[in-house]
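Asker: Handing you this structure, nothing more for now.
The values are calculated or read from the model by the stated rules, or taken from the named source; none is laboratory data. All values derive from a computational prediction rather than experimental measurement. Note: ideal-geometry Cβ built from the backbone for every residue, glycine included; neighbour counts use all protein chains shown. Surface accessibility is based on the protein's heavy atoms, side chains included, excluding ligands, DNA and RNA. Shrake-Rupley method; radii C 1.70, N 1.55, O 1.52, S 1.80 Å.
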Amino acid sequence: GLTRIWNRGAMMELMEREIEKCLRTGEHFVLVLLDLDHFKRVNDTHGHLAGDAVLVEVARRLTSFVRPYDAVGRYGGEEFMALLPGLTLPAGANRIEALRLAVRTGPVDIGEQRTLAVTASFGAVMFSPGGPAGPAELLRRADEALYRAKHEGRDRVGFAEQTIAPSPC
């Protein structure tokens with residue numbers, strides 16, 4: 001309700017549908033997890049209303065930079081998730097970089113004439129038919145790539161080390 005984007009449950013359903021579609025069509029998609037950098041500091045320093053303002057603005061920025069058939073949702077807390085159908089890696093890396101830049105495009109108004117700079121770390125994995133994987137494995141690998149991006153300095157995109165896909169049915 002706060003961000004007016006898909007919630008975690010809806011995003012998981014959308015991902016399962018996208019996997020099924022890709023198994024039928026042989027297409028690809030990219031799953032992206034992103035986590036706002038140092039978000040706890042926003043709530044601790046400026047309060048939860050400021051944190052809410054940041055979440056709303058980040059959701060707006062993300063949805064304004066995706067294609068009409070992409071999906072953006074909140075994964076939990078300060079984590080977001082994007083499904084980018086038809087995208088491949090590394091060819092689509094520039095699209096994910098555009099999302100990262102959209103998040104940090106300018107300061108976020110948090111009320112009372114205050115603004116905050118916001119950045120996020122991203123983890124991306126490509127799904128393609130032909131190998132062992134499902135939603136849980138996609139999320140695990142995207143999460144590993146996300147944490148690698150955080151450990152490498154934040155405000156960057158990490159990519160899963162190998163493309164993964166489910167076994168043919």
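Asker: Out of the residues in segment 13-44 that are open to solvent by 30 Å² or more (accessible area, probe 1.4 Å) and in contact with a Leu (Cβ under 9 Å, 6 or more places away or on another chain), state the one that is modelled with the lowest pLDDT.
Answerer: The initial filter retains those residues of segment 13-44 that are open to solvent by 30 Å² or more (accessible area, probe 1.4 Å), namely 13-14, 16-17, 20-21, 23-28, 38, 40-41, 43-44.
From what's left, in contact with a Leu (Cβ under 9 Å, 6 or more places away or on another chain): 14, 28.
Details: 14: 98, 28: 94.
The residue in question is 28.
Asker: When you check residue 56 against the structure, is it more than 27 Å from residue 137 (Cα to Cα) and among the aliphatic types (A, V, I, L, M), yes or no?
Answerer: Working: more than 27 Å from residue 137 (Cα to Cα): yes; among the aliphatic types (A, V, I, L, M): yes.
Spelling it out, residue 56 is indeed more than 27 Å from residue 137 (Cα to Cα) and among the aliphatic types (A, V, I, L, M).
Asker: Looking at (1) among the charged types (D, E, K, R); (2) part of a helix (DSSP H, G or I); (3) more than 17 Å from the chain's Cα centre (by Cα), can you tell me which one residue 18 breaks?
Answerer: For residue 18, the failing item is (3).
Asker: Please tell me if residue 67 is surrounded by fewer than 19 Cβ atoms within 10 Å (Cβ to Cβ) and modelled with pLDDT of 95 or more.
Answerer: Values: surrounded by fewer than 19 Cβ atoms within 10 Å (Cβ to Cβ): yes; modelled with pLDDT of 95 or more: yes.
Criteria met by residue 67.
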